[in-house]
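To start, the structure itself, in C-alpha cells.
The values are calculated or read from the model by the stated rules, or taken from the named source; none is laboratory data. In this text the structure is predicted, and so the values were computed from the model without any measurement. No Cβ is skipped: glycine too gets one built from the backbone with ideal geometry, and neighbour counts run over all protein chains shown.
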Amino acid sequence: MAFCPNCGSQAAGRFCPNCGTDLGAAASGASTSGMGAGAAAAGSTAYAPPVGAAVPQAGGLTQNVASALCYLLWLLTGIIFLVIAPYNRDRVVRFHAFQSIFATVAIIALNICLMILGIILHTVHLGLLATLIWLIYPFAVFALWLYLMFSAYNGNKVVLPVIGPLAEKQA
C-alpha cells in the first residue's frame, strides 16, 4: 500500500483520497536507477510525514500528548513518564514530567502554608479572609492545571517561576 507524500494517508490509485495530491508524479520522481516509474509506483513507498507533523514515538504517543499527560495526575503521571522507556529520553517530555512533580511539591507546601495562615487569621478574628482564600485557592490550582496541560498539548513550553528552571536543569 502506498502512502501520500503530502499528507501521509494511505492511498491507492493515482490521486490521494485525503488531499488530492497526484501520486503518479510523486511515484515517477521516486524511481531509482534500477526501477522504472511503473515499478516504483507498484512497489511500497516509504512513509515520510509532512514537515512539522506530530510523529508518534515508539510508545505510540506524540510528544505533545505525552507532555500534556505528564500533568494529568500531577506527581503520579510525572513519575510514570520519567520511568517509561521511550519518553524518559525525550527532553521535552522529561521537562514537563519534572515540572509536574515539582509543581505538586510546591502545591503541597503552599497547602501547609495556607493552613498555618488560616489558623493565624482565625486567631486574630479574620476568619472571613481565611475562608475567602480557601474558596479561591482550589480554582487557582485547577486553572493552573488546565493551563499547563493545554499549553503542553499545543507545544508551548511554559516555565513556572521558581520550579521551571529546576525542571529545565533536570531535563
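Which one is surrounded by the fewest Cβ atoms within 10 Å (Cβ to Cβ) among residues in the stretch 56-83 that are hydroxyl-bearing (Ser, Thr, Tyr) and in contact with a helix residue (DSSP H, G or I) (Cβ under 8 Å, 6 or more places away or on another chain)?
Taking the candidates together, the pick is THR77.
Going by what's in this entry, would TYR87 be described as hydroxyl-bearing (Ser, Thr, Tyr) and modelled with pLDDT of 95 or more?
Details: hydroxyl-bearing (Ser, Thr, Tyr): yes; modelled with pLDDT of 95 or more: no.
So TYR87 fails the test.
Return the residues of the stretch 155-171 that are part of a loop (DSSP other than H, G, I, E, B), touching a Phe, Trp or Tyr at 6+ places or on another chain (Cβ under 9 Å) and under 22 Å from LEU61 (Cα atoms); say none if nothing qualifies.
Listed by number, the residues that qualify are ASN156, LYS157, VAL158, ALA171.
Of the residues that sit in the stretch 84-113 and are surrounded by 11 or more Cβ atoms within 10 Å (Cβ to Cβ) and small (Gly, Ala, Ser), which one is farthest from the chain's Cα centre (by Cα)?
For the stretch 84-113, the residue satisfying everything is ALA106.
So is PHE102 assigned to a helix (DSSP H, G or I), touching an Asp or Glu at 6+ places or on another chain (Cβ under 9 Å) and of a type in the set (Phe, Trp, Tyr) or not?
Here the answer is no, as PHE102 does not meet what is asked.
Are there any pairs, at least 6 apart or on different chains, whose C-beta atoms fall under 6 Å, with the first in the stretch 11-36 and modelled with pLDDT under 65 and the second surrounded by 13 or more Cβ atoms within 10 Å (Cβ to Cβ) and among the small types (Gly, Ala, Ser), and if so, which?
ALA27/ALA40; ALA27/ALA41; SER28/ALA37; ALA30/ALA40; SER31/ALA37; SER31/ALA40
How many residues does the stretch 114-126 hold that are surrounded by 13 or more Cβ atoms within 10 Å (Cβ to Cβ) and part of a helix (DSSP H, G or I)?
5
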